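These notes concern the structure reproduced below.
The values are calculated or read from the model by the stated rules, or taken from the named source; none is laboratory data. Computed from a prediction, not measured in an experiment: that's the story for all the values here. Cβ atoms come from the backbone with ideal geometry, glycine included; neighbour counts cover every protein chain shown.
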Amino acid sequence: MNSDGTNEHFQIATHQNQIKEHLGLSEDEMVFEFDSIDGGWRLNLITINSAHSQSFLFHSTRGMDKVGALGEMLKYVLSYREKENSYTIQWAIRGTSFLETSYFRGKDISQILDKFYYGRDRNTIQIYAISLNPIT
């Protein structure tokens, strides 16, 4: 039990559901990846695109515990569209000729590339174009 009387697992599930609902994703389109780091927790939210079966880093947060890291992720999800730039990446898996298009939000191209390449060998994907989308 936490100091407010709620079960940690209940709080984790509640935050995860709020994030999922706000992003409009199903449970099989996202992975909450927790890592213990420096006496706290890092949360990497991974999204999975069912159209091309590829996963990408959506965002990373930190907290003193898992609930705290999820709380930070929820804050990000509620405000990221107003705070970060929107980018489009056109890419293909090396050895194929089918061009894919993926969309990311971040502060700059470097952060977008980190999200795009997260968890994969950079030599397996060819990027053809990255563009900053106009503000709408």
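See the values below:
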read-out	value
Scope the range 115-136; condition part of a loop (DSSP other than H, G, I, E, B) and either among the hydroxyl-bearing types (Ser, Thr, Tyr) or surrounded by 15 or more Cβ atoms within 10 Å (Cβ to Cβ) (or both); matching residues	Tyr118, Thr136
Hits in the range 19-41 (condition: in a strand (DSSP E or B) and either touching a helix residue (DSSP H, G or I) at 6+ places or on another chain (Cβ under 7 Å) or of a type in the set (S, T, N, Q) (or both))	Met30, Phe32, Phe34, Ser36, Trp41
Residues of the range 104-136 satisfying the condition of being more than 16 Å from Ser55 (Cβ to Cβ) and basic (Lys, Arg)	Arg105, Lys107
Flag if Ala69 is free of Cβ contacts under 8 Å to residues at least 60 places away in the same chain, surrounded by 15 or more Cβ atoms within 10 Å (Cβ to Cβ), small (Gly, Ala, Ser) and under 25 Å from Leu113 (Cβ atoms)	yes
Any hit, the range 115-129, residues being touching a Gly at 6+ places or on another chain (Cβ under 8 Å), modelled with pLDDT of 95 or more and under 26 Å from Ile12 (Cβ atoms)	yes
Unmet requirement for Ile112, which otherwise passes all of (1) surrounded by 15 or more Cβ atoms within 10 Å (Cβ to Cβ); (2) outside the structural domain of Phe10 (by TED's automatic domain parsing); (3) among the β-branched types (Val, Ile, Thr); (4) in a strand (DSSP E or B)	(4)
Tally of residues being closer than 26 Å to His15 by Cα and either surrounded by 16 or more Cβ atoms within 10 Å (Cβ to Cβ) or touching a strand residue (DSSP E or B) at 6+ places or on another chain (Cβ under 7 Å) (or both) across the range 82-101	3
Search result, residues across the range 55-87 that are closer than 23 Å to Ser26 by Cβ and assigned to a strand (DSSP E or B)	Ser55, Phe56, Leu57, Phe58, His59, Ser60, Thr61, Ser86
